[in-house]
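What follows is one structure encoded as structure tokens, with my remarks underneath.
Readers should treat all values here as calculations from the given coordinates under stated rules, not as data from a laboratory. Please read all numbers here as calculations on a predicted model, not as lab measurements. Methodologically, a virtual Cβ is constructed for each residue, glycine included, from the backbone with ideal geometry; neighbour enumeration extends over all protein chains shown.
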Amino acid sequence: MNSVQATANTSIGNPPSDINQDWLALLLPTQANDDLSILIYHETNGFRHSSINVGIDMINEFGDDLGWTVSDSQNSSVFNSVNLKNTDVVVWLNTSGNDLRTGAEQDAFENFIQNGGGFVGVHPITDTYRDTSCPSYNNLVGEIAQTSTNHTSNNFNATMTVLTSRHTVDHLVDTWNEMKSIITGNSIEDIYLMVTLIC
């Protein structure tokens with residue numbers, strides 16, 4: 001058996017007890033907030049997931065329901081101090097590859113995070129900057145997908161166990177089994193483990 005560990009920025013597992021509750025809703029505010037500005041960033045320099053447009057539509061629906069301002073871009077020029085000054089949360093939606101942002105754009109995003117800006121990473125965030133050319137991003141997500149192999153070709157029966165109580169995993173049961181395709185990675189030092197996966 002191999003043990004694959006999920007980091008603090010990774011939420012995996014069964015749906016919440018209310019099957020109508022969406023995963024992103026667990027991470028973002030649950031009340032209307034006319035001042036909340038969400039930027040969806042979905043640039044790829046590698047595999048491009050066909051689900052990106054579905055994700056954009058879903059977040060826009062949340063925005064319509066909760067009074068958020070939602071914008072999206074696959075152009076890294078959105079990472080500048082003027083634009084990020086008016087942004088509360090950046091959702092990295094299905095990004096992949098390396099060399100997505102310039103040095104100035106990386107600095108602007110790092111300053112955004114250091115000043116309390118929000119970050120939500122949606123699969124496959126660990127496949128972005130796999131070459132470690134952006135250490136601040138790698139440290140933010142807590143793991144780097146292995147270069148070979150980084151993804152199982154088949155589903156495996158996996159036992160998942162919650163290790164601690166945090167808002168990102170409190171909706172999960174303590175232990176459960178699922179058939180999953182597993183993405184393996186290399187952990188960054190000083191991560192806070194919340195879920196282990198044994199397959």
- prompt: Under a plain spin-label model, where a point goes 7 Å from the Cα along Cα-to-Cβ, how far apart in nm are D65 and T175?
  reply: 3.4
field: Extended-chain gain in nm, criterion 0.36 nm per residue less alpha-carbon gap, S77 and S165
entry: 27.9 nm
message: Along the Cα→Cβ direction, 7 angstrom out, place labels at D35 and K85. What is the inter-label distance in nm?
response: 1.7
